[in-house]
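The values are calculated or read from the model by the stated rules, or taken from the named source; none is laboratory data. Everything numeric in this text was worked out from a predicted model, so none of it was measured. Positions of Cβ are backbone-derived with ideal geometry, glycine not excepted, and every protein chain shown enters the neighbour counts. Please note that ligands, DNA and RNA were not included when accessible areas were found on the heavy atoms of the full protein model with its side chains. Shrake-Rupley method; radii C 1.70, N 1.55, O 1.52, S 1.80 Å.
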Amino acid sequence: MINSLLPNYARIDLAFTRGEGAYLYADNGRRYLDFGSGIAVTALGHAHPHLVAALKDQVEKLWHVSNLYRIPQQEKLAQRLVDCSFADTAFFCNSGAEALEGGIKMVRRSQQENGHPERFRIISFEGAFHGRTLATLAATNNEKYLKGFMPKTDGFDQVAFGNLNELRAAITPATAGILIEPIQGEGGIRPAAPEFLRALRTVCDEFGLTLMFDEVQCGLGRTGKMFAYEWSGVAPDVMALAKGLGGGFPVGAVLATEKVGAVMTPGTHGTTFGGNPLAMAAANAVLDVLLEPGFFERVDKLARGFRPKLDELVTRHPKVFADARGAGFLVGLKCVVPSGDMQTKLREAGLLTVAAGENVIRLLPPLTVTQGELDSALEIVDKVAKNWAA
Ligand SMILES: *Cc1c(COP(=O)(O)O)cnc(C)c1O
């Protein structure tokens, strides 16, 4: 008989009752070091005092009014995101896939309203992950996720990650834009080379295409800068954000340049829940912390110290780990042994991680992680790897 809860997840038999900073407390009485952060969502750890206070304050005042009315907290968040990014305008929704959908619609409409009604196709990259809605599944183009959900939504073409020749060959008169994660998360922590991102910008400018970045996972401080694209020196025309934006409250956003955003006139797109006062209180509180002077410098410094230690683990345990990869606190260890077993052993030893493609385990500590917590995590990984060989 089917469970009353849809059987679409292979859940780990563990439930948590409380969280504090980088730690989660389970109903089995154990404490876990949380280097999964709810899949890169709890960017400021659990129960961050500033987030708790902001939410408590808002929860007593007003939760939801709908986008029929002005929402000052949205205006504030939009201005802050515009001020710290390439963008001129922002739209708020509730999840990553929704941000991607909104961005994809903007890519199409800005072409179609600017003299190119024939342009609708978007080129994405192998190994990508853009979400589970029908359009984002087509952009993701992963057989495993598409099985049973055919036909695939039309309008997406896919080329090898990092292959400029293949990309150029895939451009047709129907191409509207290019969609890429500056660092592939689910695909196995695969960073795009900065030169590749710069080349995409050049190609888009040459052909009049719209460049869209998916920073749902790699954005908002994960790499030690506000946005991962900053490391490449080039900016997109449209960008999707979500995961860390609400610090655990569901918030997504689409950022866009004026040219792209201007076509989204009243009635062209919308959401009932998106950007409600409660969600905006969470996201504004997250930005309060991220935008504190020195916040990213601290993340960058800690991450730069952490990364070589991961490389050392790989050197020390060549039968267990193949390589270390990623940037900032979006890092992974590619395993030689099955990554699922590694994840289980790490959890049994008190460290929570997340699996990714290419047999990688992801380490996604909260951006507020301490040196001591990073050292503890490394000790656990080292111990588990040592016992593996024994
Ligand atoms: C998680 C993720 C998404 C989808 O976000 P949801 O909130 O699960 O819809 C899209 N793109 C990237 C890069 C992601 O990591």
- Cβ under 14 Å from residue 53's Cβ, residue 53 left aside: what net charge do those residues give with Lys, Arg +1 and Asp, Glu -1? -1
- Most mobile of 100, 44, 134 per a Gaussian network model of the chain (Cα springs, under 10 Å)? 134
- Query: Mind checking which aspartates and glutamates have their C-alpha under 16 Å from residue 152, skipping anything on the same chain fewer than 8 residues away?
  - Reply: 101, 126, 143
- With every protein chain present, what is the per residue accessible area of the range 1-43 (1.4 Å probe, Å²)? 70 Å²
- Query: Based on Cβ point charges of +1 for Lys and Arg and -1 for Asp and Glu, what charge dipole magnitude is obtained for the chain about its Cα centre, in debye rounded to the nearest 20?
  - Reply: 580 debye
- Message: Give me the net charge for the shell around residue 87: Cβ to Cβ below 12 angstrom, other residues only, Lys and Arg +1, Asp and Glu -1.
- Response: -3
- Item | Residues of the range 148-168 with amide N under 20 Å of the 7 Å Cα→Cβ point at residue 195 | 160-168
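Classify the range 221-266 as rounded, prolate or oblate from the Cα gyration tensor: take a ≥ b ≥ c as the square roots of its eigenvalues, call it rounded if a/c is under 1.5, otherwise prolate when a/b beats b/c and oblate if not.
In terms of gyration-tensor shape, oblate.
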- Answer rounded, prolate or oblate for the range 305-390, using the Cα gyration tensor with square roots of eigenvalues a ≥ b ≥ c: rounded when a/c is under 1.5, else prolate when a/b is larger than b/c, else oblate. rounded
- Item | For the chain, Kirkwood radius (reciprocal of mean inverse C-alpha pair distance, Å) | 21.7 Å
- Task: Would you list which aspartates and glutamates come within 20 Å of residue 309, measuring only between C-alpha atoms, while excluding same-chain residues fewer than 8 positions from it?
- Result: 34, 297, 300, 323, 373, 375, 379, 382
- Note on the structure: Note: residue 390 to residue 298 extended length (0.36 nm per residue) minus current alpha-carbon separation gives 29.4 nm
- Take every Cα pair under 8 Å in the chain that's 6+ residues apart, average their separations, divide by the length, and report that relative contact order as a whole percent. 23 percent
- Item | Listed residues 156, 36, 335: farthest to the positive end of the dipole of the chain (Cβ charges) | 335
- Full extension between residue 83 and residue 322 adds, at 0.36 nm per residue less the Cα distance, a length in nm of 82.0 nm
- Simple spin-label estimate for residue 370 and residue 164 in nanometres, 7 Å along Cα-Cβ: 4.7 nm
- Among 323-335, 138-150, 214-226, 279-291, how do they line up from the highest to the lowest mean number of other beta-carbon atoms within 10 Å? 214-226, 323-335, 279-291, 138-150
- Query: So if we plug the beta-carbon distance of residue 53 and residue 2 into 1/(1 + (r/R0)^6) with R0 = 45 Å, what FRET efficiency do we get, rounded to 0.05?
  - Reply: 0.60
- Message: Using helices alone, I'd like the mean residue ellipticity at 222 nm for the chain: each DSSP H run of four-plus residues gives -39500 (n - 2.57), total over residue count, nearest 500.
- Response: -11500 deg cm²/dmol
- Distance from the Cα centre of the range 175-195 to that of the range 87-109, in angstrom? 17 Å
- Label-to-label distance, nm, for residues given as residue 76 and residue 259 (7 Å Cα→Cβ offset): 3.4 nm
